[in-house]
Amino acid sequence: MTDQVTKATTFKALHVPGQPIILFNVWDAGSAKAVAASGAKALATGSRSVAAAHGFDDGEYMPFELAIANLERIVAATDLPVTIDLESGYGANPEEVGATITRAIRAGAIGYNIEDSTRETGPLREISDQAARLKGVRAAADRLGIPAFLNARTDVFLVASADQHESLVATALERARAYADAGADGFFVPGLADERLIARVVEGSPLPVNIMASAKAPSAARLAELGVARFSHGPGPYRMAMKALEDAARAALI
């Protein structure tokens, strides 16, 4: 546990507004080794990539036991801190979500993403409901004595069209404050790509902000200028790897 505490502390310290940690998301032990060899400072799984690599759709369709077994293999393959995407927490209530976190930490995780929608693009949970779930997450980590990084994800922007995003900034910031009060360490806003709105979220959030890479998202350098603290690549690396594999196979089979 001492090594895990050190990794957790190191990982949290990497979240510096204006100097974002860049996470090139992995999905299994092999991809973890490849990204680690690039000089990465930490590793993060992406639920969509992990699910797809094992033949499942995203949205907690992948069995939890398989997700934990995959995490264990990733942790065993690297000395880097590993944070896991646990989607909505694999639980119907705060106690069950807390049990999920307990398993993840015991498997070696030093951080986790927990989203506030019931499926990848499902309806958002009420703020009070999600805050209670995050408190369960924080309590579980505290009981184990691991200062694991709780990256609270809101799908406010992900489930809405881009032309609605400006009107949703206040809603997102309300959730950021509630999640901070519940014990979150970071605020993840996938789907948000407009520079002006990112700047407003960064300015108003009590938590370090995480932006996800997309075709429309600003570059890592620009996000640093905007004060972002974490830049993750989500399913992008998996899609690139699978596209390269498909193209190579097609060329070989001609």
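Odds and ends about this structure:
- If you go through the range 182-203 and pick out every residue that is under 22 Å from Thr83 (Cβ atoms) and either surrounded by fewer than 20 Cβ atoms within 10 Å (Cβ to Cβ) or not β-branched (Val, Ile, Thr) (or both), you end up with 10.
- Filter result (surrounded by fewer than 15 Cβ atoms within 10 Å (Cβ to Cβ), over 25 Å from Ile114 (Cβ atoms) and among the small types (Gly, Ala, Ser)) within the range 204-228: Ala215, Ser219, Ala221
- Residues in the range 132-157 that are touching a strand residue (DSSP E or B) at 6+ places or on another chain (Cβ under 6 Å), free of Cβ contacts under 8 Å to residues at least 60 places away in the same chain and part of a loop (DSSP other than H, G, I, E, B): Asp155 only.
- Only one entry in Ala77, Ala53 is modelled with pLDDT of 95 or more and under 18 Å from the mean Cα position of the chain (by Cα), namely Ala53.
- Residue check, Val137 within 14 Å of Gly186 (Cα to Cα), among the β-branched types (Val, Ile, Thr) and either over 14 Å from the mean Cα position of the chain (by Cα) or modelled with pLDDT of 95 or more (or both): yes
- Residue match in the range 116-130 (condition: touching a helix residue (DSSP H, G or I) at 6+ places or on another chain (Cβ under 8 Å), under 21 Å from Met242 (Cβ atoms) and of a type in the set (A, V, I, L, M)): no
- Among the residues of the range 185-242, just one is of a type in the set (Ser, Thr, Tyr), within 30 Å of Ala52 (Cα to Cα) and in contact with a Lys or Arg (Cβ under 9 Å, 6 or more places away or on another chain), namely Tyr238.
- Close pairs from the range 214-232: first free of Cβ contacts under 8 Å to residues at least 40 places away in the same chain and over 25 Å from Trp27 (Cα atoms), partner part of a strand (DSSP E or B) and of a type in the set (A, V, I, L, M, F, W, C), Cβ under 9 Å, at least 6 apart: Leu226/Val209; Leu226/Ile211
- For the range 229-254, filtered to residues that are surrounded by fewer than 14 Cβ atoms within 10 Å (Cβ to Cβ) and among the small types (Gly, Ala, Ser), the residue that is nearest to Ala162 (Cα to Cα) is Ala244.
- Members of the range 109-131 that are free of Cβ contacts under 8 Å to residues at least 60 places away in the same chain and surrounded by fewer than 17 Cβ atoms within 10 Å (Cβ to Cβ): Thr118, Thr121, Pro123, Glu126, Ser128, Asp129
- Scanning the range 11-31 for residues that are over 16 Å from Ile198 (Cα atoms) and within 16 Å of the chain's Cα centre (by Cα) turns up Phe11, Lys12, Leu14, His15, Ile21, Ile22, Leu23, Phe24, Asn25, Val26, Trp27, Asp28.
- Inside the range 102-122, residues that are hydroxyl-bearing (Ser, Thr, Tyr) and either at pLDDT 95 or above or part of a helix (DSSP H, G or I) (or both) make up a count of 2.
The values are calculated or read from the model by the stated rules, or taken from the named source; none is laboratory data. Because the structure is predicted, anything quoted here is derived from the model rather than measured. With ideal geometry, Cβ positions are generated from the backbone for all residues, glycine too; neighbour counts draw on all protein chains shown.
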